[in-house]
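K.L.:
Okay, here's the structure, questions in a sec.
The numbers here are math on the coordinates, done by the rules we state, and not lab data. Computed from a prediction, not measured in an experiment: that's the story for all the values here. Note that we place each Cβ from the backbone using ideal geometry, even for glycine, and neighbour counts take in every protein chain shown.
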Amino acid sequence: MSQRQIIQVFEQYQKSRMQFVQTVADLAVRPQNIEILQNAGVMSMLRPLLLDVVPSIQQTAALALGRLADHSDDLAEAVVREDILPQLVHSLASQNRFYKKAAAFVLRAVAKHSPELSQAVVACGGVDALVLCLEEFNPAVKEAAVWALGCIARHNASLSQSVVDAGAVPLLVLCLLEPEMALKRIAASTLSDISKHTPELAQTVVDTGAIAHLAQMILNPDAKLKRQVFSALSQISKHSVSLAEMVIEAEIFPAAIACLRDPDEYVRKNVTTLMREVVKHTPELSQVIVNCGGMAAVIDYLGDCNGNLRLPGIMMLGYVAAHSENLAMAIILSKGVPQLSLCLSEEPEQHIKAATAWSIGQIGHHTPEHAKAVATANLLPKLLHLYMDASSSEDLQAKSKKALKSILQKCTHLPALEPLLYDAPSNILKHVVCQFSKVLPHDSKARRLFVTSGGLKKVQEIDAEPGSPLQEYINAINSSFPEEIVRYYSPGYSDTLLERLENFQPA
Amino acid sequence: MAELLKMKSEVEEFKKEYLCRNNQAEENRQRETEAATRIQSWFRACRVRAYLSHLHMKAITVQKIWRGFTARARFRQMVKAAYFIMKMKFYEEMAVRIQRRWRGFFVRKYIHNFYVRKRYLQGLSRKNELVRRDLDELEELQKRERDCVEMIKEQTAKVYQAHRLHHLLSTKQCPGVFNSPFRPAPHEMELLLRQVKYQAPTRLAPKGRACLLGMPGPTDPSFPESLASPWIKTTNTCCSIKPILPPIASKKPQGLFREPGDVFEQRVCCPDLTLCLQTSYTHLEEAQNQLRQHESLRPHSHTLGTGSLPHHLSHSSTSFTHPDSVKSFTQ
């Protein structure tokens, strides 16, 4: 045998290995092939190929493994069981950039499924190796590593903490400064995932100066980057007042409001979420946003979108209104109440309705003026309907009842209250009658109107238990009218009259 | 004798009487002694009682005087205290009156000031309108920008297509596909084909698209509206809505020649002034002034970060103030 022939054998072997790995990698792209591949024992065959002498085979094997693990968490668990991770992590530090990218992909595919799998990645030192990859020059490697870190940090606070402990945050902030858009996006998303768990983690992210860099990217034309940036900012600001103030101090605000008209709907949603997270802390922060015109923009935004995209906007209105009556007035002036009423009638989802009812309650519970604004938007019957509707969820019923009650206790706008006299249950009726009993003794026009519109008749028909607050309110109303009128409208008055006619003896 | 007898009878009588009397006396002795004792006891009792009552009178006098003294002292104290309380009440009432006036005034002036509130709300609605208008403008602008980018893309694709289809150009002899003799005017593609100059299609990789057009590419900052808009300061994708010029053939001359643009620039631009002439001789003072102004502005923005009212921050542009901003005064 000549030397050529011997070498040819090896070449052939290498070629067929390469072909096998590539075919498996290609097959692994399609989800329907996964089960067959798994049954064929692909895991145990790929494992030795990860240690192959030829780098391109290693790399393709890693890619195939990553694709397999990406599809189902069974396979991801299989990867963990086969003890592939330590090997991958070990070679992550030493191999070339293509291999690094593929290995980071495997780690990401394993970690994304569950906290336990992520924990397995962390336990075999994956995080430190990935952080080392962040110092790599190649943006594709960085991107894969950042993505894997993001998948790990997403699950819970302790995993995020381990990512932070590995010193990833400063490097992630540096990644934000890279020119590649994809890297920026994924870095912003990872920062968001890290800071969403606890105030301490958010504080670590802030301490590395991430806010300034994120704030610079607000006006970036790339929509996906903007989504991630706003999501990161909102995750940072949701924890505490001081973090929210730091976000505000980055002077994002008039610019962020401009993004409420972005063509991308998730950008708009994330901007609104950011505003909600900032606003919920203190009245002053709400004031900042209201003063720069954020309220009008959010209310316009509520008109443009529907479904779950509306939820942050609705909640933001509620948070702002809850702080002070001035802010609630600002919402009313920005035409927020009709918009909320529209949301209440358009949205089919119970939880959005519940949030809307809550926001309306927050707006209306300050002063009679606020309550009047809510009442004139014809919201009281709607809330009552939601409360009475048997198909409403318990939460929705509770929220609409609370809103209704708090608005009714302030409402002195009688024309809006009157319809409630007819179809409210007794626990709501109590508040309605109470408002009447407070207003009627002092307002002669209202008394007149109350009689002519049949309200008095209705009040006489209510049968309240003697001694209950409802009866007291009814008595208070009755005492502000002449006795004859009260008697005239009492049920059974005609019978009494007829009886008197029978007993009457003409002289 | 008679006398004697008389005497005798008298003696007898005397004796009898003496005896009788003696008997009587003996009989009465006990009683009399008792009576005497009684009398004596009464008398002594009277004396003792008189003495005791005398003592009582003295004690009462002493007590009377002492009690009077202490009571007067206490009364003086009470009067003093009552007077003090009265005075305090008076002062407090006066203080309340003053405070009531002041608080009413203060609250009306600064906290629940109707006019400020009204102004604030008006300002707010004005601001809202402004923001809505600005946002509408911005949206319009962005839409136009996107349309423009789209149009450029389309145009570029067309030109690229024209390059690819350059062989379909009609010649003097034979009309091309796009130049049907049965139509009054040639197809627009034909016009485009006439404008482009033939280049080998392999050189028309998508990278060269922008320069192909010979018009300002997407990085050209000549978008006129972008200056008017306060929102966009850093948009990169600006473009103009000028009529698109026909592409200029930009075949690179081979060899060591510079780009024609560079040469033109070299010819047109005057030589740079030296550094020392570029800055005026008062540059130092100006720079110092600027620095000072900058410093004077800074503390304002610095105090805000540390938990004071953050709604001053960065909102010097808001023309209206909020009534709550005076809360810091009360605290």
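K.L.:
Which of the peptides A:486-497, A:216-227, B:7-18 is most tightly packed, and how do the rest follow, judged by the mean count of other Cβ atoms within 10 Å per residue? List each step's numbers first, then the result.
P.N.:
On the way: A:486-497: 12.8, A:216-227: 19.2, B:7-18: 10.7.
Result, highest mean first: A:216-227, A:486-497, B:7-18.
K.L.:
For a Förster distance of 22 Å, can you work out the FRET efficiency between the beta-carbons of B:ARG103 and A:SER324, rounded to the nearest 0.05? Spell out each step's value before the answer.
P.N.:
Details: r = 20 Å, r/R0 = 0.91.
The calculated FRET efficiency here is 0.65.
K.L.:
To continue, here is another question. Viscosity 1.567 mPa s, temperature 4 °C: what is the translational diffusion coefficient of segment A:280-411 from Stokes-Einstein with a Kirkwood Rh over Cα pairs, rounded to a whole number of µm²/s? Each step should come with its number before you reach the end.
P.N.:
Values: Rh = 14.2 Å.
Calculated translational D: 91 µm²/s.
K.L.:
May I pose another question? Please give the calculated 222 nm ellipticity per residue for chain A, where each DSSP H segment of at least 4 residues contributes -39500 (n - 2.57) and the sum is spread over every residue; nearest 500 deg cm²/dmol? Could you put the intermediate results ahead of the total?
P.N.:
Details: 35 runs with 389 residues, N = 507.
The per-residue figure over chain A is -23500 deg cm²/dmol.
K.L.:
Normalise the Cα radius of gyration of segment A:106-256 by 2.2 N^0.38 Å (N = residues in it) and let me know the number.
P.N.:
Working: Rg = 14.3 Å, N = 151, 2.2 N^0.38 = 14.8 Å.
Against the compact-globule rule of thumb, the ratio is 0.97.
K.L.:
Can you tell me the convex hull volume per residue for segment A:75-121, based on C-alpha atoms, in Å³ to the nearest whole number?
P.N.:
Details: hull volume 2.8 nm³, N = 47.
Hull volume over Cα atoms, normalised by residue count, gives 59 Å³.
K.L.:
Mind giving me the FRET efficiency for A:GLU11 and A:ASP73? R0 is 25 Å, r the Cβ-Cβ distance, nearest 0.05 is fine. Present the calculation step by step, with values, prior to reporting the outcome.
P.N.:
Numbers: r = 39 Å, r/R0 = 1.56.
Calculated value: 0.05.
K.L.:
Using the basic label-point model (7 angstrom from Cα toward the beta carbon), what is the A:THR23 to B:MET86 distance in nanometres?
P.N.:
With each label point 7 Å from Cα toward Cβ, the separation is 11.7 nm.
K.L.:
From the mean inverse distance of alpha carbon pairs (Kirkwood) and the Cα radius of gyration, derive Rg over Rh for segment A:408-498. Don't skip to the end; give the middle numbers.
P.N.:
Values: Rg = 12.5 Å, Rh = 13.2 Å.
A ratio of 0.94.
K.L.:
When you look at the Cβ of every residue in B:127-139, what mean number of other chain Cβ atoms sits within 10 Å? All intermediate terms of the calculation are to be shown ahead of the outcome.
P.N.:
Details: counts 8, 12, 3, 2, 12, 7, 1, 6, 10, 2, 1, 6, 5.
Neighbouring Cβ atoms belonging to other protein chains average 6 per residue here.
K.L.:
Still on this structure: Would you mind computing, in nm to one decimal, how far apart the modelled labels at B:GLU32 and A:HIS385 are, each placed 7 Å from Cα along Cα→Cβ?
P.N.:
13.3 nm
K.L.:
So if each residue of separation counts as 0.36 nm, and I subtract the Cα-Cα distance between A:SER44 and A:LEU497, what length gain in nm does that give?
P.N.:
Details: separation 453, 0.36 × 453 = 163.08 nm, distance 9.99 nm.
My answer for the length gained is 153.1 nm.
K.L.:
Then there's this: Could you tell me, in Å, what Rg and Dmax come out for the Cα atoms of the protein assembly as shown?
P.N.:
For the protein assembly as shown, the Cα radius of gyration and maximum Cα-Cα distance read 51.2, 238 Å.
K.L.:
Something else now. At a threshold of 8 angstrom on Cα-Cα distance, excluding pairs fewer than six apart, so keeping six or more, what relative contact order does chain A reach in percent? Walk me through the intermediate numbers first.
P.N.:
On the way: 732 pairs, mean separation 30.7, N = 507.
So the answer I get is 6 percent.
K.L.:
While we're looking at this one, here's another question. Enter the mean number of other protein chain beta carbons within 10 Å of the beta carbon of each residue in A:283-296, as an integer.
P.N.:
Values: counts 4, 11, 2, 1, 8, 8, 1, 6, 12, 7, 11, 2, 4, 10.
For peptide A:283-296, the averaged partner shielding equals 6.
K.L.:
What residues qualify as long-range amide H neighbours of A:ASP443, i.e. H under 5 Å apart, gap of 5 or more or another chain, H built at 1.01 Å from N?
P.N.:
HN-HN under 5 Å from A:ASP443: empty list.
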